[in-house]
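What follows is a single structure, written as structure tokens, with notes after it.
The values are calculated or read from the model by the stated rules, or taken from the named source; none is laboratory data. This structure is a prediction, so every number in the text was calculated from the model and none was measured. Note that each Cβ is placed from the backbone with ideal geometry, even for glycine, and that neighbours are counted across all protein chains shown. Only protein heavy atoms, including side chains, enter the accessible area calculation; ligands, DNA and RNA are left aside. Shrake-Rupley method; radii C 1.70, N 1.55, O 1.52, S 1.80 Å.
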Amino acid sequence: MNKIIKGDKVIVIAGKDKGKQGQVVRVVGDKIVVEGVNLVKRHQKPNLIRGVEGGVITKEMPLAISNVAILNPETNKADRVGIKLIEGEGKVKRVRFFKSNGSIIGA
């Protein structure tokens with residue numbers, strides 16, 4: 001189970017975009033793409049088959065997962081994530097929780 005997953009609200013803690021907040025769009029291995037963070041300009045050739053226009057486009061590039069921290073909505077600060085096992089109805093379920101106050105993420 002990854003500690004940061006798609007849909008989490010994160011804050012950048014290192015790099016040129018330090019302090020920016022955004023939502024995780026995609027997780028790619030040990031890198032993540034955050035909405036509105038790490039924007040770069042790329043020159044793109046037109047492709048008539050795919051219907052893509054040419055020109056300079058702005059797109060989001062992946063960040064190392066170590067350069068972001070999950071945002072705790074209660075304190076509005078960066079927080080660490082832990083994983084604990086909860087038993088219920090004969091099954092063991094793994095859940096993520098904030099290390100600072102112990103509240104379960106997504107509950």
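Which of the residues spanning region 86-106 are outside any strand (DSSP E or B) and within 18 Å of VAL10 (Cβ to Cβ)? Once the filter is applied, which keeps residues that are outside any strand (DSSP E or B) and within 18 Å of VAL10 (Cβ to Cβ), region 86-106 yields LYS99, SER100, ASN101, SER103, ILE105, GLY106.
Going by what's in this entry, would VAL68 be described as buried (at least 17 other Cβ atoms within 10 Å of the Cβ), touching a residue at least 12 places away in the same chain (Cβ under 8 Å), over 14 Å from PHE98 (Cα atoms) and among the hydrophobic types (A, V, I, L, M, F, W, C)? So VAL68 passes the test. The residue that is most open to solvent (accessible area, probe 1.4 Å), counting only those in region 74-85 that are among the charged types (D, E, K, R) and not in a strand (DSSP E or B), is ARG80.
With respect to being without any contact (Cβ under 8 Å) to a residue 12 or more places away in the chain and either under 22 Å from ALA78 (Cβ atoms) or surrounded by 13 or more Cβ atoms within 10 Å (Cβ to Cβ) (or both), LYS18 fits the description.
Picking from residues in region 26-39 that are of a type in the set (A, V, I, L, M) and loosely packed, with under 15 Cβ neighbours inside 10 Å, the one that is modelled with the highest pLDDT is LEU39. Applying a threshold of 9 Å to beta carbon distances and a minimum spacing of six or more residues, or different chains, the list of pairs starting in region 83-107 at a residue that is in contact (Cβ under 8 Å) with a residue 12 or more places away in the chain and ending at one that is acidic (Asp, Glu) and open to solvent by 90 Å² or more (accessible area, probe 1.4 Å) reads PHE98/GLU74; SER100/GLU74; ASN101/GLU74; SER103/GLU74. Among the numbered conditions (1) in contact (Cβ under 8 Å) with a residue 24 or more places away in the chain; (2) touching a Pro at 6+ places or on another chain (Cβ under 8 Å), the only one that GLU53 does not meet is (1).
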